[in-house]
Ligand SMILES: *Cc1c(COP(=O)(O)O)cnc(C)c1O
């Protein structure tokens, strides 16, 4: 057909009675508040789905007559007004008292920087776990009323959309979004024009637009370089999340870190705490140092000031997750900024130095050296990160260095199934305020079995409908025969919600080993096709477009899903995103996870599944090592021998599924959901809901990081930054002199004592011009483990006395009964250090 197709969008006028629809459509609170979503859904179900659950788009497409009718429909108006009044009281709730103990909303503000935010499917600016975590963090900060603002990037094409073709190949589609259709609006200046800021990138200035998204009580500002005044190349800097090459990446990170800090300035915000969530945003340190240097401070003092209020969270032990640039890139892209930093090129490069090569500028290293509060995202990961980044504190044993952990959680209201929320609403009034209380959730036991089962079945039915539709669409698009499509979807079309459902969905990074349980296909097929205990297995996930091995895994699963012994029992569903994730975690009975220990920093999808009553079958890595208690799921023990690890762990997984999960689930007459199974399922909800929700997570940050960082920053900057100046001068002096500090035992202590005697310890110290106030000498008491490793238990300070040109440190130890071990060490001490080993210097006798 020749000619052009023109399109015309006729935008409805919102009737006055429904005037506030526009407001609730532009507040991402709709991503977790079902009553708000329900208002749009009720107006026109079909259109709501067709618009991808996007209220702003929906309001442009909805028919005028629909709105007019609704504005006169008392039932609709009642729902609408109820949603609005809940909206208003949420916004009026202010700050929870738990937060007020640590932060003062009148003066404190946390600025949270991240390269991706996963809030809802209507705003595709995330790729996976990191983004969802950041989104959940914002939502929980809003729930708790933390004084908080978030900063990120608005990607024109977001992360790619995934299609899987008839051969199982992943196609990555980059779709240009129209920002008008997103729940964001450009920030305006007082004269009504768009707020634009500039950053120096290489030899030019680049303009950035600032967008605001509202997330309940907090604001998320997003930067975008797609501005007409920029060159075509610069407009593309923020096109794709994790797209392009290393030069694209460094430019994006300049936009995020430097541009983000400038945007905060331009908006007139005055953060007291800056949270760098993963290394991508670490350039904000350089911009803030630049500001301080321009205000008259020397580089070292400026860095001290900046670092004192900065929190850094590292998210992955996988090397590819840490950005490394080279020195030539730094010099080229920061050529305009470097002269304003008050630092030599060597000083700048030293901030990003790591031990793996001379030419590397490591963003994790920069983030650690430019912040004073650092953490990993689970207990295991905290240890792994301490060890990986030990070079920043070279003389301190990793277990003592300042990297601690906050275990991730998930936003309960976003990921809990609708049927559960409804039940909690009806039966547990006030449950939303109780998410931090472990005791409260014991009432999960009060839900009658039949109700519990019916909710699980309802969630499973929703999942079947979603997967059925997606699989049909995918195969039809790929030109598969009707016969194959019917075969592939037969078990879903039965809507037999008593059938056992296994799920595995996450990014297809190779360390997550998506195909591990396919390693014994004959056994897996026997299990899934067991006529008494049937099960299906659903996979979903995207591999990064440049990750060929990850894409090969998708292909392997896809090919297997069409084999006669698996068709209709095993699925590789395309287009994994937050909406599909929600349905999967809510509808599956069993959630599988088998990362290579210890590479799963936390993992959060298993938490989402567990809070909905699914049982995790997972390697004891990341969060599950803390969540598993023997009665709320199943644990796969990591095998350390790399030669047999995959085979052994696969066998463990299959053993658990075949010999425990299937028999338990089907252990009662009737079909599925046997009482013993319900017991475990209830336990999962009871134990995981209060401990792994993002409210608990944000409170851990507030009490352990944000509060201390705000106080540390205030202390260092008080009195014209007197303490920051003193501390930076002190650190320089210590660094110059430390190599000349030495300890010497004055007399060999006895190895046996009788009861009542004390152990005199005397050490002579050469302090090389430092004073005893600068150097702490400590006796560490502990024991030796089986492999003769010293495990410290407590420590005692020794006191110093001048003796000629040296100092004698001494203590009279009152020994405990039995055999004990002790060690002696010295390290630089200053009362203004954020962490007592923060200098990374230590000598042992
Ligand atoms: C929760 C979630 C993830 C993270 O899953 P992990 O188990 O932590 O790998 C990734 N993608 C989406 C869409 C999610 O909702």
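Is it the case that segment 300-317 has a residue that's part of a helix (DSSP H, G or I), touching a strand residue (DSSP E or B) at 6+ places or on another chain (Cβ under 7 Å) and within 18 Å of residue 369 (Cβ to Cβ)?
no
Anything in segment 178-208 that is surrounded by 15 or more Cβ atoms within 10 Å (Cβ to Cβ) and part of a loop (DSSP other than H, G, I, E, B)? List them, or say none.
Result: 182, 183, 184, 187, 195, 202.
State yes or no: is residue 455 more than 16 Å from the ligand (Cβ to nearest atom), under 27 Å from residue 135 (Cβ atoms), in contact with a helix residue (DSSP H, G or I) (Cβ under 7 Å, 6 or more places away or on another chain) and not assigned by TED's automatic domain parsing to the domain that holds residue 133? Explain how you work it out, then say what you get.
Details: more than 16 Å from the ligand (Cβ to nearest atom): yes; under 27 Å from residue 135 (Cβ atoms): yes; in contact with a helix residue (DSSP H, G or I) (Cβ under 7 Å, 6 or more places away or on another chain): yes; not assigned by TED's automatic domain parsing to the domain that holds residue 133: yes.
For residue 455, the condition - more than 16 Å from the ligand (Cβ to nearest atom), under 27 Å from residue 135 (Cβ atoms), in contact with a helix residue (DSSP H, G or I) (Cβ under 7 Å, 6 or more places away or on another chain) and not assigned by TED's automatic domain parsing to the domain that holds residue 133 - is met.
Got a number for residues in segment 256-285 being farther than 24 Å from residue 361 by Cβ and out of contact with any strand residue (DSSP E or B) (no Cβ under 9 Å at 6 or more places or on another chain)?
Residues that pass the stated criteria total 2.
Here is a list: 269, 220, 241. Which entry is modelled with pLDDT of 95 or more and crowded, with 24+ Cβ neighbours inside 10 Å?
On the way: 269 fails: crowded, with 24+ Cβ neighbours inside 10 Å; 241 fails: crowded, with 24+ Cβ neighbours inside 10 Å.
Residue meeting the stated conditions: 220.
Go through segment 381-418 and report how many residues are away from the ligand (no atom under 14 Å from the Cβ) and assigned to a helix (DSSP H, G or I).
15
Being crowded, with 21+ Cβ neighbours inside 10 Å, within 16 Å of the ligand (Cβ to nearest atom) and part of a loop (DSSP other than H, G, I, E, B) is the filter here, so list the residues in segment 497-508 that pass it.
506, 508
Can you find a residue in segment 28-43 that is out of contact with any strand residue (DSSP E or B) (no Cβ under 9 Å at 6 or more places or on another chain), part of a loop (DSSP other than H, G, I, E, B) and within 13 Å of residue 56 (Cα to Cα)?
No: segment 28-43 contains no residue that is out of contact with any strand residue (DSSP E or B) (no Cβ under 9 Å at 6 or more places or on another chain), part of a loop (DSSP other than H, G, I, E, B) and within 13 Å of residue 56 (Cα to Cα).
Kindly provide the set of residues from segment 617-633 that are buried (at least 19 other Cβ atoms within 10 Å of the Cβ) and within 16 Å of the ligand (Cβ to nearest atom), ordered by number. Give the derivation first.
Initially, segment 617-633 is screened for residues buried (at least 19 other Cβ atoms within 10 Å of the Cβ), giving 617-619, 621-625, 627-628, 632-633.
Once the filter is applied, which keeps residues that are buried (at least 19 other Cβ atoms within 10 Å of the Cβ) and within 16 Å of the ligand (Cβ to nearest atom), segment 617-633 yields 617, 618, 619, 621, 622, 623, 624, 625, 627, 628, 633.
Please indicate, with yes or no, whether at least one residue in segment 332-346 is surrounded by fewer than 18 Cβ atoms within 10 Å (Cβ to Cβ), out of contact with any helix residue (DSSP H, G or I) (no Cβ under 8 Å at 6 or more places or on another chain) and at pLDDT below 95.
no
Which condition from (1) assigned to a helix (DSSP H, G or I); (2) closer than 25 Å to residue 646 by Cα; (3) more than 11 Å from the ligand (Cβ to nearest atom) is the one that residue 511 breaks?
Just one mismatch for residue 511, condition (3).
Among (1) surrounded by 18 or more Cβ atoms within 10 Å (Cβ to Cβ); (2) under 21 Å from residue 557 (Cα atoms); (3) more than 26 Å from the chain's Cα centre (by Cα), there is one condition residue 456 misses while meeting the rest; what is its number?
The number of the failed condition is (2).
Could you tell me whether any residue of segment 149-158 is buried (at least 24 other Cβ atoms within 10 Å of the Cβ), in a loop (DSSP other than H, G, I, E, B), touching a strand residue (DSSP E or B) at 6+ places or on another chain (Cβ under 7 Å) and assigned by TED's automatic domain parsing to the domain that holds residue 234? Explain how you work it out, then say what you get.
Looking only at segment 149-158, we keep the residues that are buried (at least 24 other Cβ atoms within 10 Å of the Cβ), and these are 150-155.
Those left that are additionally in a loop (DSSP other than H, G, I, E, B): 154-155.
Adding the requirement that they be touching a strand residue (DSSP E or B) at 6+ places or on another chain (Cβ under 7 Å) leaves 154-155.
Next, only the ones that are assigned by TED's automatic domain parsing to the domain that holds residue 234 stay: 154-155.
There is at least one residue in segment 149-158 that is buried (at least 24 other Cβ atoms within 10 Å of the Cβ), in a loop (DSSP other than H, G, I, E, B), touching a strand residue (DSSP E or B) at 6+ places or on another chain (Cβ under 7 Å) and assigned by TED's automatic domain parsing to the domain that holds residue 234.
Identify, from the list 77, 130, the residue that is modelled with pLDDT of 95 or more, assigned to a helix (DSSP H, G or I), touching a helix residue (DSSP H, G or I) at 6+ places or on another chain (Cβ under 9 Å) and closer than 30 Å to residue 227 by Cα.
Values: 77 fails: closer than 30 Å to residue 227 by Cα.
Unique residue meeting the criteria: 130.
Out of 102, 91, 97, report the one residue that is under 30 Å from residue 276 (Cα atoms) and touching a helix residue (DSSP H, G or I) at 6+ places or on another chain (Cβ under 8 Å). Reasoning before the result, please.
Working: 91 fails: touching a helix residue (DSSP H, G or I) at 6+ places or on another chain (Cβ under 8 Å); 97 fails: touching a helix residue (DSSP H, G or I) at 6+ places or on another chain (Cβ under 8 Å).
Within the list 102, 91, 97, the selection yields 102.
Restricting to segment 86-121, name every residue that is surrounded by 23 or more Cβ atoms within 10 Å (Cβ to Cβ) and within 16 Å of the ligand (Cβ to nearest atom).
First, pick out the residues of segment 86-121 that are surrounded by 23 or more Cβ atoms within 10 Å (Cβ to Cβ): 99, 103, 108, 110-120.
Matches in segment 86-121: 114, 115, 116, 117, 118, 119, 120.
The values are calculated or read from the model by the stated rules, or taken from the named source; none is laboratory data. For clarity, every value in this text was computed on a predicted model and none was experimentally measured. Note: ideal-geometry Cβ built from the backbone for every residue, glycine included; neighbour counts use all protein chains shown.
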